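The values are calculated or read from the model by the stated rules, or taken from the named source; none is laboratory data. The model shown is predicted, which means the values in this text are computed figures rather than measured ones. Cβ atoms come from the backbone with ideal geometry, glycine included; neighbour counts cover every protein chain shown.
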Amino acid sequence: MRGLIKFIIAILIAAVSLVTYWCNTEQNEFTGEEQHVDMTVEQEIALGLQAAPQMASQYGGLHPDKAAGQRIKEIGQHIVQQTDASSTPYKFDFHLLADEETVNAFALPGGQIFITAGLLKRLSTEGQVAGVLGHEIGHVVARHSAEQLAKAKLTQGLSGAAAIAMYDPGNPASQSGAVVAAMVGKLLNMRYGREDELESDRLAVRLTGEAGFDPRAMMEVMRILEQASGGARGPEFTQTHPNPGNRIAEIEQAIQEEYPEGLPQGLTP
């Protein structure tokens, strides 16, 4: 009887998680995709603005070089203003972080975008900087944070339901089933993360090209990231980002699809 009750509870939790996920569906006006999201655009913007100071503090705050920080803002805003990103409701702002060691760039929901000095000093051209910022703009306009939240809630609900169904207080060995369920949920969300990265790469090709930057510079960025990693990477399926070397082929394909007649002349490298 106790096992039946547990099974019913697990089914109810799983059903609620699935219904909630599938009912929260919107069409992304920028990408044209149907997405499962768990927050409004206004909530994304508010969340990003609220989290920005704390995230910056984790990387030593903003860089004291005001001129370098201003140039990051100028390149980022140029991409926004020269593309359809300007017609979105997001409040884009670009920040150079003081951390000279960490090689990273990231976007918060709503348009707050950051690049570390550790990454910037490895970039040699404005096209490479534009590629990084265009990639992060891609995350924002594709609403990846909102998607990730919805997916995380779904997998958490399903993993919890599986754990309840499998756990038996009288059998300690059954606890391993709960651990496996949690690991599966985590790996699923990592998978989503890698797909988001590849979509942002494709969007960056479109955004940088429209803004007058050579999207091929993104391939150099991938080589820089691969070199910065020192080759110390585990199996790709346990990582949130695809291997930079593998992303180069995806970027090349995206360029061919975006510019089947070849890239226009005069792009900033």
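The table below lists the values:
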{"item": "Condition check for GLU44: acidic (Asp, Glu), free of Cβ contacts under 8 Å to residues at least 24 places away in the same chain and at negative phi", "result": "no"}
{"item": "Check on ALA85, under 14 Å from the mean Cα position of the chain (by Cα) and crowded, with 18+ Cβ neighbours inside 10 Å", "result": "no"}
{"item": "Selection from the stretch 47-76 of residues that are of a type in the set (D, E, K, R) and touching a strand residue (DSSP E or B) at 6+ places or on another chain (Cβ under 8 Å)", "result": "ASP65, LYS73"}
{"item": "Whichever residue in the stretch 29-40 is of a type outside the set (A, V, I, L, M), part of a loop (DSSP other than H, G, I, E, B) and modelled with pLDDT of 85 or more and, among such residues, is surrounded by the most Cβ atoms within 10 Å (Cβ to Cβ)", "result": "PHE30"}
{"item": "Among (1) in contact with a Ser or Thr (Cβ under 6 Å, 6 or more places away or on another chain); (2) surrounded by 24 or more Cβ atoms within 10 Å (Cβ to Cβ) - the single one GLY76 does not satisfy", "result": "(1)"}
{"item": "Failed item, numbered, when LYS121 is tested on (1) surrounded by fewer than 21 Cβ atoms within 10 Å (Cβ to Cβ); (2) in contact with a helix residue (DSSP H, G or I) (Cβ under 8 Å, 6 or more places away or on another chain); (3) of a type in the set (Lys, Arg)", "result": "(2)"}
{"item": "Long-range neighbours under 6 Å by Cβ, at least six apart or interchain, first residue on the phi > 0 side of the Ramachandran plot within the stretch 89-110, second of a type outside the set (S, T, N, Q) and surrounded by 18 or more Cβ atoms within 10 Å (Cβ to Cβ)", "result": "GLY110/GLU44; GLY110/ILE45; GLY110/GLY48; GLY110/TYR90"}
{"item": "Entirely in the stretch 58-170, the helices (runs of 4 or more DSSP H) that have 3 or more residues that are touching a Lys or Arg at 6+ places or on another chain (Cβ under 7 Å) and at pLDDT below 95", "result": "none"}
{"item": "TYR21 being in contact with a strand residue (DSSP E or B) (Cβ under 6 Å, 6 or more places away or on another chain), modelled with pLDDT under 85 and either surrounded by fewer than 14 Cβ atoms within 10 Å (Cβ to Cβ) or aromatic (Phe, Trp, Tyr) (or both)", "result": "yes"}
